[in-house]
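Before we start, here is the structure in question, set down as structure tokens.
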Amino acid sequence: MISCIVVDDEEMALERLTREIEKRPGWQVLSRCSEYEEAKQALIEHEPDVCFMDINIIAGSGMELAKALSSLIATQWIFSTAYSEYAVDAFDINAFGYLLKPYENDKLKRLMHKFENHLSSDTKQDVHSSKLAIKSIGEVKIVDVNDIIWIKGASNYLELYFADRMLLHRETLTSIEKKLSKKNFFRVHRSAIVNIDYISKVDSELGRYSSLIMKNGDEVKISSNFKHELFKALGIH
């Protein structure tokens, strides 16, 4: 699932862009914002794959916000504006794309398709390490990634659960997700990633699959937004 955040100071533009993005299979809008600080908090919290960023937003500049966050989060930027002179600044920070308003839906679709190919290419080329450095207070612990049962996001910290212990690690959930193999690590909730090798059973509530029971006994809630890819991997139809 490709996650994104939409930032624009015009409500109609927000609605249109959100609607067009959500029409495309495999895309998910995590948040839509119109104001600088609101967008900043949403981007830090969710760290989406891509942000569709208007340049003129309430109480600030979308371009300046992207520049401020580019070194902190692993998010690609697609800028939208009615002014072509910002294009040079956009590509100075390695923006993935640029939409000059008013733009046709076909141009947006082509850009989204290009981004899908970009992610697919990265996935094919990426070789995930079997080791992970866990930053604890006063030390760094090296753990085997395959021993991780599941991961819980807790603000700027993560709780990594193993068979016999839990370790705290200072990193965002979205950031660590990019380091894990998509073959066995799946986001199942906005605050949880599980290793499907350690799923013991899938529980249902009122006829709906709503939680996972892991082999260490922990229960992990499943969000409807993330069910499709997980159930596909598990062979649940």
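The values are calculated or read from the model by the stated rules, or taken from the named source; none is laboratory data. What you see is a predicted model; the values in this text were computed from it and never measured. Positions of Cβ are generated from backbone atoms using ideal geometry, with glycine treated the same way; all protein chains shown enter the neighbour counts. Calculation scope for accessible area: heavy atoms of the full protein, side chains included, ligands and nucleic acids excluded. Shrake-Rupley method; radii C 1.70, N 1.55, O 1.52, S 1.80 Å.
Pick from Glu10, Glu38: which is open to solvent by 70 Å² or more (accessible area, probe 1.4 Å) and closer than 18 Å to Lys101 by Cβ?
Glu10
Mind checking which residues of the range 208-234 are at pLDDT below 90, touching an Asp or Glu at 6+ places or on another chain (Cβ under 9 Å) and open to solvent by less than 50 Å² (accessible area, probe 1.4 Å)? Give the derivation first.
Kept after step one, since they are at pLDDT below 90, are these residues of the range 208-234: 208-210, 223-234.
With touching an Asp or Glu at 6+ places or on another chain (Cβ under 9 Å) added as a condition, the list becomes 209-210.
Hit for the range 208-234 is Ser210, nothing else.
Related question: Taking interchain pairs and intrachain pairs at least six residues apart, which have beta carbon atoms under 6 angstrom, with the first residue in the range 123-152 and within 15 Å of Asp197 (Cβ to Cβ) and the second modelled with pLDDT under 85?
Val145/Ser130
Right, another one. From (1) of a type in the set (Asp, Glu); (2) surrounded by 13 or more Cβ atoms within 10 Å (Cβ to Cβ); (3) over 14 Å from the mean Cα position of the chain (by Cα), pick out the condition that doesn't hold for Glu171.
Glu171 satisfies every listed condition except (3).
Suppose we filter the range 157-201 for residues that are among the acidic types (Asp, Glu) and more than 23 Å from Leu119 (Cβ to Cβ); how many remain?
Counting residues in the range 157-201 that are among the acidic types (Asp, Glu) and more than 23 Å from Leu119 (Cβ to Cβ) gives 3.
List the residue pairs whose Cβ atoms are under 7 Å apart, where the first residue sits in the range 218-234 and is within 11 Å of Arg187 (Cα to Cα), the second is open to solvent by 60 Å² or more (accessible area, probe 1.4 Å) and of a type in the set (A, V, I, L, M, F, W, C), and the two are 6 or more positions apart or on different chains.
From residues that are within 11 Å of Arg187 (Cα to Cα), the pairs are Phe226/Met1; Glu229/Met1.
Residues in the range 179-199 that are of a type in the set (Ser, Thr, Tyr) and either out of contact with any Leu (no Cβ under 8 Å at 6 or more places or on another chain) or open to solvent by less than 30 Å² (accessible area, probe 1.4 Å) (or both): how many?
Final tally of qualifying residues: 2.
Over 27 Å from Leu72 (Cα atoms), open to solvent by 80 Å² or more (accessible area, probe 1.4 Å) and part of a loop (DSSP other than H, G, I, E, B): does that describe Asp164?
yes
Considering only residues of the range 46-68 that are among the acidic types (Asp, Glu) and in contact (Cβ under 8 Å) with a residue 12 or more places away in the chain, which is surrounded by the most Cβ atoms within 10 Å (Cβ to Cβ)? So that I can check it myself, show each step before the final result.
Quick first cut of the range 46-68, residues among the acidic types (Asp, Glu) only: 47, 49, 54, 64.
The next check asks that each one be in contact (Cβ under 8 Å) with a residue 12 or more places away in the chain; those that pass are 47, 49, 54.
Values: Glu47: 22, Asp49: 22, Asp54: 26.
Ranking the qualifying residues of the range 46-68, first place goes to Asp54.
From (1) at pLDDT below 85; (2) under 28 Å from Asp8 (Cα atoms); (3) surrounded by 12 or more Cβ atoms within 10 Å (Cβ to Cβ), pick out the condition that doesn't hold for Ser155.
(3)
Would you confirm whether or not the range 126-147 contains a residue that is at pLDDT below 80, surrounded by fewer than 14 Cβ atoms within 10 Å (Cβ to Cβ) and β-branched (Val, Ile, Thr)?
yes
Within the range 1-53, which residues are within 12 Å of the chain's Cα centre (by Cα) and of a type in the set (A, V, I, L, M)?
Correct list: Met1, Ile2, Ile5, Val29, Leu30, Ala42, Leu43, Ile44, Val50.
Of everything in the range 169-186 that's of a type outside the set (Lys, Arg) and outside any loop (DSSP other than H, G, I, E, B), which residue is farthest from Val140 (Cα to Cα)?
Phe186
Filter the range 218-232 down to the residues that are in contact with a helix residue (DSSP H, G or I) (Cβ under 9 Å, 6 or more places away or on another chain) and farther than 15 Å from Asp197 by Cα and list them by number.
Residue satisfying the conditions is Ile222 alone.
Identify, from the list Met63, Met12, Met112, Met1, the residue that is out of contact with any Pro (no Cβ under 9 Å at 6 or more places or on another chain) and under 21 Å from Ser223 (Cβ atoms). Quick ask: steps written out before the conclusion?
Details: Met63 fails: under 21 Å from Ser223 (Cβ atoms); Met12 fails: under 21 Å from Ser223 (Cβ atoms); Met112 fails: under 21 Å from Ser223 (Cβ atoms).
Selected residue: Met1, the only one of Met63, Met12, Met112, Met1 that is out of contact with any Pro (no Cβ under 9 Å at 6 or more places or on another chain) and under 21 Å from Ser223 (Cβ atoms).
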